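Structure first, commentary second.
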Amino acid sequence: MPIKENPFARNFIGNIDGFIVLYSGNMGASHDIDSMLGAALILRDNNDINFIFIGEGDKYKDIERFIHHHKLTNVALFTFQPENMIKYTLPLADISLVSLDQGMEDLMIPSKSFYYLAAGSALIAIANDESELSDLIDSSRCGALVPPGNPNILAETIENLTSNSRHLSIMKTNAREIAENRYSREICTSKFSKFLRQSKLLQDESKN
């Protein structure tokens, strides 16, 4: 959904003509929220870039205090929104942020990554290299990887992407395409069903 067609866009950000960087989800102690806030502080004078945080958790109050202390006008903070608002909040983003805990690189991909992809948002993953998440980004060319605890690198990456709108647009298109072609419900269900049949855990009805 193009942001100018989003009926709730101005409820979340005033300047819909700029670029939106979104973090949506749990704001727990294990998420690298500090790097995100540090990047927002570094980019505070870039009027084309705005940050939106949507969620709750241990660090919600920290974000609130950080915004107030630094008098940031480029950061907006909201609590979790009703589920029926997801189709409006996620497409706000040009760039979405996802954080992967150290030690979890080979064990998981945060589920929000797939929601971001479905919304057609470029991904910036705050994670160590050699992870499933970094492999996903590299293979689909839908975003960038930034090491944890490096707000300067994160800010530089965001600024580089937003300064090349054509490159960013390609990443967003790639994100949506990989969501449709690899991670849609129909495709994943079909793959899972095939796996169960091959494992003899599901009867192949075509042979009856």
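One table, with the values for the structure above:
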| read-out | value |
| --- | --- |
| Candidates Ser96, Ser139, filtered to the one that is of a type in the set (Gly, Ala, Ser) and within 14 Å of Tyr23 (Cβ to Cβ) | Ser96 |
| Qualifying residue in region 115-131 (condition: over 17 Å from Pro151 (Cα atoms), surrounded by 16 or more Cβ atoms within 10 Å (Cβ to Cβ) and modelled with pLDDT under 80) | yes |
| Filter result (basic (Lys, Arg) and more than 20 Å from Thr157 (Cα to Cα)) within region 1-60 | Lys4, Arg10, Lys59 |
| Among (1) touching a Phe, Trp or Tyr at 6+ places or on another chain (Cβ under 7 Å); (2) crowded, with 17+ Cβ neighbours inside 10 Å; (3) over 18 Å from Leu161 (Cβ atoms); (4) not small (Gly, Ala, Ser), the one test that Ile67 misses | (1) |
| Region 26-44, residues that are under 17 Å from the mean Cα position of the chain (by Cα) and either crowded, with 21+ Cβ neighbours inside 10 Å or outside any helix (DSSP H, G or I) (or both) | Asn26, Met27, Gly28, Ser30, His31, Asp32, Ile33, Ser35, Met36, Leu37, Ala39, Ala40 |
| Some residue of region 45-57 being assigned to a helix (DSSP H, G or I) and among the β-branched types (Val, Ile, Thr) | no |
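The values are calculated or read from the model by the stated rules, or taken from the named source; none is laboratory data. Treat the numbers as computed from the prediction; the structure is a model and nothing was measured. Cβ atoms come from the backbone with ideal geometry, glycine included; neighbour counts cover every protein chain shown.
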